[in-house]
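The values are calculated or read from the model by the stated rules, or taken from the named source; none is laboratory data. Not measured: the values here are computed from a predicted model. Backbone-built Cβ (ideal geometry, glycine too); neighbour counts: all protein chains shown.
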Amino acid sequence: MDDPLVCVVDDDDAVRLSMSLLIETLGLPVQSFASALEVLSDEEVLRRAHCLVLDVRMPGLSGVGLQERLGRLGHTLPIIFVSAHGDVPMVARAMREGAFDFLQKPFNEQALLDRVQEAVQFAAARRAARARLAEIQLRVDSLTARESDVMAGMVAGRLNKQIAEDLGISIKTVEQHRARVMEKLQVDSLAELVRLVVGMGLSEASKNG
Amino acid sequence: MAVEQPQAIPAEADAPPPDAAAERWRLALEASGDGVWDWHLASGHEYRSPLWGAMLGYTPDETAGLEWRHLLHPEDRDEALRRLEACLHGSTAAYEAEFRLLGKDGKYRWVQARGRVCERSAAGDPVRFVGTHRDISVAHAEIENLRKSERLWRFALEGHGDARWDWSIDGGEIYVSPSFRSIIGLCGNRPVRGNDIWPERLHPADLRRAMAVFDAHLRGREQIADVEFRLRCEDGAYRWVAVRGKVMERNAAGQALRMTGTVRDVHDRHLAVEREKRQAQELAHAGRLIHVGEMATALAHELNQPLTAIRNFSGVVLRRLDAVGPLADPLREPLQMIAQQALRAGEIVHRVRGFVRKGRPVTAPVAIGSVVRSVVRFMQPDLGANNVRVVVDLAEGLPRVLADRVQLEQVLANLIRNAIDAMAALTGERVLRITARPGADGCVELAVADKGPGLADAIRADPFLPFATTKADGVGLGLAICRTIVENHGGRLWVEHSSPTGTTFCFTLPALAG
C-alpha cells in the first residue's frame, strides 16, 4: 500500500510552505502545489494522496472547482478547505460535495493537524477496505465455474447431498470442491465464508451506489 | 448803493452818474447771471435788470411792464407773498423764497429770490427793497428727480414688506422700519442708534464675515452689500437674516455718509439648508466609511495570509522542539507567545471585518462552544468591571452549526451586554448563565440568562422592535439586529422568560449534519 501522502494547494507561498512544514511534524510526507491545475496533472500524487488541504480562492481553477473535477474523475480523497473567504453558497456547496472540513484563516494550527490526522486515517481505512475487497475479489475470481456453483450452494446452506443433487455430481466431488473453495478463499469455517461473501455483496452494492 | 442806469423806465430826478466802483458791482452781478430788482415802495416803481427778464425769456422792454405777482405759479404764490410781506414788515431780516415764474414761452421756471429792505422810514415802514433772482430750474429739477425716485423706491419697498433700515453713518442714527423691529422683537418706536444693531447684535461667529462684506461696499470695492448673518433678538435668541444695502450718499472724500437697505428673516430657510448640508455631510461621511469598510475588509483578507503563515511556522518550530527535549525549554514560551499574538491579531482582523461587513454572512462550520468561550473571553474586562460571574454550561457532543462566526459573536456579545446592563443595579450576586443544548428539530439552542429585574414595561411587548430602548444613550437596534442575524441563519430568537428575578433570551441555530 502506498505511504499516506498529504497534498497542500495554496497560491500564497508563505502559507503553502508553513502548512507543509506543519503537517510534516505529524510525520506525514507532504507534496505541495501552487495551483489546482498542477495537482490535476499529477497522476501519482492523486493516486497516493490521503488528504487534500486546499485554499478556496485561487487564480485559475478554484478550490471548489478542483473538488468538482476530482469527484468527476472518481477520486474520493478527503478534502479540507482552508480559506479567508467563504460565503454561504460556496461553503454549503463544498460541504454538500463531501468536503471533510472547512477552516477559516487564520485557524488554530492544532485544529488543522487534528483534522488532517483524522482525514488521513479515514482515507487509509477506506483504502485498506478497498484493497481487501479487491483481494477477495481476486480469490473469488480464481474459483472455477464448478467451485463457484458449490460455493453458492454452501452459502445458501445446502447440505453436500443436496448440492450434489442440484449439480448432478457425486457427494465426493462436492466435498472435493468444497475443500478447494475454502482453500482458495482462505477461510477456515463456513461462517467465515458466508461473512466474506455477504460482506462482499454489500460492498459491491455501496461501491456502485 | 448806486444802481445802474435803467433803460426804459420813467426818468428819475438826479440819477447819480456812474463811477468805477459802481461799475464793478454791476459787472460782477452781470457775470453771476443773477437778475436784480430794486423796488421803491413809495412810488411803487420797480427797477429790473435785463437779466431779470432774460432768464424768463423777456426782452428788457417787455420786462419793465411785467407784473411779478401775475407771473407766480398759483401753487407757489401764497408762500412767496407771505415771505415777502414778512420781510417787508420786519418779521424776517432777509427775504428768501423759491417759486416758479411764467416765462415768455409759457413754461414755468424755478427762481430763487433773495432780498432785503435796505431803507426804512422813521416809523419803520419799508422804503426801499432790493434783491436778486436766481434761475434754479436745473438744480430744482435734479432735486425733484431725486425725490421722485426716492418716493418710488420707498413705495416699492413698503409694498414688498421687507424690513427697511436707513443708516446715517456719520450721525449714527439708524431708522429701522416696523417690520425690522418685529424681526428682532423690538417694541415701540424708540429711536435706535446704529451701534445698537451693528455690531452689537451680530453673532460673534458671523461678525468678521459680515463686517468684511460691508467694508468692501463702503470702500467702493463692491456694488452692494449683500450678506447673511445672525442678529440677536430681544429675547436673547439669534435669528438668521439676509441684509442688502447700498450707500446713498458720500462726501467729497468718497466716504459713505448714508446707507440704506433691507432685512429679511431667513432663519427657517437657513436651518433647513444647514440641515440639508449636515445630512449631505453625513451621507458623504457614511460613504467614506463604506469605502473605509471595504478597504478594511480587503486589508483583513490580505492580513489573514501572513497571520496564517506566522501561526503555522511557530507551530512547526514548537513541534520540532519537542524532539530536542528540555534543552529547548527556554525557546518554547517565547514561541508560544508569537503564536498567541498571531492568534490575537487574527481575532482583531476578525472583529474589524465583523464591524464593517454588511450583506451576506461569511459562513463556515462553527463549534458553538468555541464561539461562546471566545466572546466571554473578549468581554472579560466588562464582566469583571461589573462584578458579573459567568457560568458556561455546554452540553456534550453538541453538533456544529453552519454560521458566520463573527455575526454569532455579535449576537452573543449583544445579549451579554444587555445582561450586564440589566444587573447594573443588582445588589445581590450577579450571575450570567450561558447554556447550549441540542434543541428540537436538529438545532442547537442557546440561552443567555441574567438575574436582573426583568424587561422594562416600555419594551416588554416587543423588545426586538427597532428603536425600542430603555437606555438613555441607546439607539435600540441591538436586539433587532440580533434577531435579523439569527433568522438569517435559519434560527429563532425569543424571550424565554422575564420576571423580577431575571430575564432569559433564547436562540436556536440549525445544526450541521455530520
Those residues of segment B:346-375 which are modelled with pLDDT under 85 and either part of a helix (DSSP H, G or I) or away from every other protein chain (no Cβ under 12 Å) (or both), in sequence order: B:346, B:347, B:348, B:349, B:350, B:351, B:352, B:353, B:354, B:355, B:356, B:358
Determine if segment A:106-125 includes at least one residue that is more than 25 Å from residue B:402 (Cβ to Cβ), out of contact with any Cys (no Cβ under 8 Å at 6 or more places or on another chain) and either away from chain B (no Cβ under 11 Å) or surrounded by fewer than 20 Cβ atoms within 10 Å (Cβ to Cβ) (or both). yes
Taking segment B:233-263 as the search range and keeping residues that are of a type in the set (A, V, I, L, M) and not in a strand (DSSP E or B), which one is farthest from the chain's Cα centre (by Cα)? B:252
Given the conditions (1) on the phi > 0 side of the Ramachandran plot; (2) small (Gly, Ala, Ser); (3) at pLDDT 90 or above, report the number of the one that residue B:220 does not fulfil. (3)
Those residues of segment A:130-151 which are under 13 Å from residue A:196 (Cβ atoms) and in a helix (DSSP H, G or I) amount to A:132, A:133, A:135, A:136, A:137, A:138, A:139, A:140, A:151
Out of the residues in segment B:167-182 that are exposed (fewer than 15 other Cβ atoms within 10 Å of the Cβ) and either part of a strand (DSSP E or B) or not assigned by TED's automatic domain parsing to the domain that holds residue B:250 (or both), state the one that is farthest from the chain's Cα centre (by Cα). B:173
Among the helices (runs of 4 or more DSSP H) contained in segment A:1-50, which hold 1 or more residues that are buried (at least 20 other Cβ atoms within 10 Å of the Cβ)? A:13-24, A:36-40
Taking segment B:183-201, which residues are part of a helix (DSSP H, G or I) and over 19 Å from the mean Cα position of the chain (by Cα)? B:194, B:195, B:196
Keeping to segment A:45-71, report how many residues are closer than 22 Å to residue A:21 by Cβ and not basic (Lys, Arg). 11
Please go through segment A:20-42 and pick out each residue that is more than 14 Å from chain B (Cβ to nearest Cβ) and within 15 Å of residue A:4 (Cα to Cα). A:29, A:31
Where the second residue is in a helix (DSSP H, G or I) and of a type in the set (Lys, Arg) and the first is within 10 Å of residue A:150 (Cα to Cα) and lies in segment A:162-178, which pairs have Cβ atoms under 8 Å and are six or more apart or on separate chains? A:167/A:146; A:177/A:146
Give the residue, chosen from B:157, B:207, that is among the hydrophobic types (A, V, I, L, M, F, W, C), at pLDDT 90 or above and in a helix (DSSP H, G or I). B:207
Pairs under 9 Å by beta carbon, first residue touching a residue at least 60 places away in the same chain (Cβ under 8 Å) in segment B:39-68, partner of a type in the set (Phe, Trp, Tyr), six or more apart or different chains? B:39/B:47; B:39/B:129; B:40/B:47; B:40/B:129; B:41/B:129; B:52/B:37; B:52/B:58
So is residue B:343 under 23 Å from residue B:379 (Cα atoms), at the interface with chain A (Cβ under 8 Å from one of its Cβ atoms), within 60 Å of the chain's Cα centre (by Cα) and of a type outside the set (Lys, Arg) or not? yes
Is one or more of the residues making up segment A:55-64 assigned to a helix (DSSP H, G or I) and either buried (at least 23 other Cβ atoms within 10 Å of the Cβ) or polar (S, T, N, Q) (or both)? yes
